[in-house]
1. Provide the descending list of Cα extents for the range 99-169 along its principal axes, expressed in whole angstroms.
2. Would you mind putting 166-172, 277-283, 147-153 in packing order, based on average other-beta-carbon counts within 10 Å, highest first?
3. Once Rh for the range 169-267 is found with the Kirkwood sum over Cα pairs, what is the Stokes-Einstein diffusion coefficient at 37 °C and 0.692 mPa s, in µm²/s?
4. Relative contact order (percent) for the range 149-238, with alpha-carbon contacts under 8 angstrom and 6 or more residues of separation?
5. Among 38-48, 73-83, how do they line up from the highest to the lowest mean number of other beta-carbon atoms within 10 Å?
6. Between helix 44-54 and the chain, what is the angle of the helix's C-alpha long axis to the longest principal axis, kept within 0 to 90° and rounded to the nearest 10?
7. Can you give the translational diffusion coefficient of the range 1-111 in µm²/s, computed by Stokes-Einstein from the Kirkwood radius over Cα pairs at 25 °C and 0.890 mPa s?
8. For each pair in K140/K272; K140/K205; K141/K205; K144/K205; K140/K228, compute the distance between the two Cα atoms and list the pairs where it is over 21 Å.
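Here, each number is a calculation from the coordinates, and none is a lab measurement. All figures in this text were calculated on a predicted structure; none of them were measured in a lab. When we count neighbours, we look across all protein chains shown, and the Cβ atoms used for this are built from the backbone with ideal geometry, even at glycine.
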Amino acid sequence: MVYRIGIVGSDNSHAITFSQIANGIDRENYVPGFKATHLFGFDEARNREVAEKGGIENIVSDVNEMIGNIDVAFVEFRHGGLHLEYAKPFIENRIPVFVDKPLAATVADAEKIIELAKEKQTLLTSFSTLRFTDAVQELKKIFKNEEPVFLSVLGPGDLESEYGGLIFYGVHCAEIFNEVAGTGVREIYATVKNKNIVATLFHEKLIGTVKIAPEMPYVFSLEGLTKKTHFSAKVDSKDCYKKGMMRIKEMLDNKRWILSGEEMLEPVAIVKAIEESIRESSRKPVLQS
């Protein structure tokens, strides 16, 4: 079976990346079983660019034109504040949805997307493709087999990003942290200097840090410590989009979520707790009960 993809949101570079993988233009990362067929976006010139580079035949003026003509929607807007609105019509029509990072710009919107998908029994996933990189998966395996003590993740991000603040890029670090340690962050305390952030994460199994800076080189790295092993590595993202596409195909083939609602929600909650801790100079719970 070939799954027809509708790309929703053309402003993100991932709209081109995923459509090129699906349509075999990116031969190195090609994942069989997909075809990007439809595209929606706000800017006509950008839509034409994405369609041309991604080999997409149909540009639509209303996302509802995709319903009945696609098998999965990729919600790709850079601003997570648009994700609930544009994921909703597909979820309500039980069309599987991949929401590119972040799932949403707020915890409330993220919860609404997850709750609606559960209510409508619609396949849903959302992730940073960095979750599936070799270094992250290697440290995850170590933590699974040995008792973890400490975890640190470092990457770029900007509190003042026009795409919703820290959530736009800071969520990468939160997703890496959760992928390695699992869910279970209970409280966060964050500090900032010259827009550079250090957050201490109190996880139920360990203590960790997330370090995010807007002016650092584009690099992600992680460090982990167990009672037996020290691990440190840069995150190589060269084939992360291919791995992400393979996970989406796994969801569609097996007709089951590949991440739980909690696993999709907690990275958003972590980033929002970091922002709140910075504003109030206090320790903040990740999710309010």
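1. 38, 35, 20
2. Taking the mean over residues of other Cβ atoms within 10 Å, the ranking is 166-172, 147-153, 277-283.
3. Using the Kirkwood radius from Cα pairs, D works out to 213 µm²/s.
4. Reported as a whole number, the value is 36 percent.
5. In descending order of packing, they fall as 73-83, 38-48.
6. The answer is roughly 90 degrees.
7. The Stokes-Einstein estimate is 179 µm²/s.
8. K140/K272
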